[in-house]
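Before any comments, here is the structure.
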Amino acid sequence: MERTLSIIKPDAVAKGVIGKILDRFESNGLKIAATRKMQLSRADAEAFYAVHSERSFFGDLVDFMISGPVVVSVLEGENAIAKNRQLMGATNPKEAEAGTIRADFAENIDANAVHGSDSAENAAVEIAFFFSGREIA
Ligand code: GDP
């Protein structure tokens, strides 16, 4: 049993597809152990994406992540980290396999609908960034 952090990004929230995306998780064996809609502050977004702070797209990424509310969730299940990445599709929606969340709901690499932890180590850090232990059940 594994846990991973998912973020439904501002583009997908604005499109009104929160329910459709959460359904992809539940329909594919991932349980929603915690979830919250929230507005990230600039400091939140900069801290969450600190690993990318030296990249050319960092400023655009932070601006985008605070452009509207997001939905943060803890997903739980067997191989949850890899399964979520598979359901998400490639970072660039134009390269995402048909039927993935990014192929179906994302426009471009800036506004790509979802985030998902990419390793067990990052999942633990990212979950703790948003949720306390008693909010996860
Ligand atoms: P992910 O794990 O698939 O989300 O991809 P990464 O961890 O590599 O990148 C984090 C986020 O930064 C991506 O989801 C994109 O929103 C953004 N990003 C990554 N690469 C680029 C890029 O080359 N240009 C722009 N504008 N954004 C990017």
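The values are calculated or read from the model by the stated rules, or taken from the named source; none is laboratory data. Keep in mind that what you see is a predicted model, and the values were worked out from it rather than measured. For neighbour counting, all protein chains shown are included, and Cβ atoms are generated from backbone atoms with ideal geometry for every residue, glycine included. In case anyone asks, the SASA skips ligands and DNA or RNA and just uses the protein heavy atoms, side chains included. Shrake-Rupley method; radii C 1.70, N 1.55, O 1.52, S 1.80 Å.
Answer with one residue from Ser41, Ser132, Ile81: the one whose Cα lies farthest towards the positive end of the charge dipole of the chain, charges on Cβ with Lys, Arg +1 and Asp, Glu -1.
Of Ser41, Ser132, Ile81, it is Ser132.
If the only charges are +1 at each Lys and Arg Cβ and -1 at each Asp and Glu Cβ, what is the size of the charge dipole of the chain around the Cα centre, to the nearest 20 debye?
On the way: 15 positive and 20 negative charges, 76 e Å.
Magnitude of the dipole: close to 360 debye.
Students sometimes get this wrong: rank Glu76, Glu95, Glu54, Glu135 by accessible area, probe 1.4 Å, all chains present, largest first. Let's see the in-between values first.
Numbers: Glu76 40, Glu95 135, Glu54 165, Glu135 90 Å².
So the residues, ranked largest to smallest area, are Glu54, Glu95, Glu135, Glu76.
Under 13 Å from the Cβ of Lys83, count the other residues' Cβ atoms, weight Lys and Arg +1, Asp and Glu -1, and hand me the total.
-1
Which value, in debye to the nearest 20, gives the size of the charge dipole of the stretch 22-72 about its Cα centre, when Lys and Arg are +1 and Asp and Glu are -1 at the Cβ?
Numbers: 6 positive and 7 negative charges, 45 e Å.
Charge dipole of the stretch 22-72: 220 debye, to the nearest 20.
Consider all pairwise Cα distances in the chain and report the whole-number % of them above 24 Å.
Numbers: 2039 of 9316 pairs.
The calculated P(r) of the chain puts 22 percent of pairs beyond 24 Å.
Give, rounded to the nearest 20 debye, the magnitude of the charge dipole that the stretch 79-137 has about its Cα centre when Lys and Arg contribute +1 at Cβ and Asp and Glu contribute -1 at Cβ. Could you put the intermediate results ahead of the total?
Values: 5 positive and 9 negative charges, 35 e Å.
The calculated dipole for the stretch 79-137 is roughly 160 debye.
Counting only protein heavy atoms and a 1.4 Å probe, tell me what percentage of the chain's accessible area is made up of carbon and sulfur.
On the way: 3470 of 7090 Å².
Taking all protein chains in place, the chain shows 49 percent carbon and sulfur surface.
Could you go through the stretch 13-23 in sequence order and give the Karplus-derived ³J(HN,Hα) for each residue, using 6.51 cos²θ - 1.76 cosθ + 1.60 with θ = phi - 60°, rounded to whole Hz, and x for Gly and Pro?
5, 5, 6, x, 10, 4, x, 5, 6, 4, 5
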